[in-house]
Amino acid sequence: MRRTRRNHAAGFKAKVALVALKGDKTLAELAQEFDLHANQIVECAFLSPLVVIRKNVILGLVAVFTRTCQC
């Protein structure tokens, strides 16, 4: 039987994204916990803005720690 289409609230998306970014659980575990398909967690609807922010922060930190200190 086919399931009706669900619309996820912004709060739910944020919750899933934050848990996914922690990295404590696998994608399969998250999909089962939140009753989503793994592709939905990876798609831009859930992670796109947060992944971009996280990537920029990581790149920024790498740049900070690779520069020589000119004290």
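Scanning the range 34-71 for residues being within 23 Å of R3 (Cβ to Cβ), modelled with pLDDT of 70 or more and either open to solvent by less than 70 Å² (accessible area, probe 1.4 Å) or assigned to a helix (DSSP H, G or I) (or both) gives a total of 7. The single condition from (1) open to solvent by less than 100 Å² (accessible area, probe 1.4 Å); (2) part of a helix (DSSP H, G or I) that H8 fails is (2). Scan the range 11-33 for residues that are polar (S, T, N, Q) and either touching a strand residue (DSSP E or B) at 6+ places or on another chain (Cβ under 7 Å) or outside any loop (DSSP other than H, G, I, E, B) (or both) and report the count. So the answer is 1.
The values are calculated or read from the model by the stated rules, or taken from the named source; none is laboratory data. Everything numeric here is computed off the predicted structure, so don't read it as measured data. Because the Cβ atoms are built from the backbone with ideal geometry, glycine has one as well, and the counts that use them run over all protein chains shown. Side chains are part of the model used for accessible areas, which takes the heavy atoms of the whole protein and leaves out ligands, DNA and RNA. Shrake-Rupley method; radii C 1.70, N 1.55, O 1.52, S 1.80 Å.
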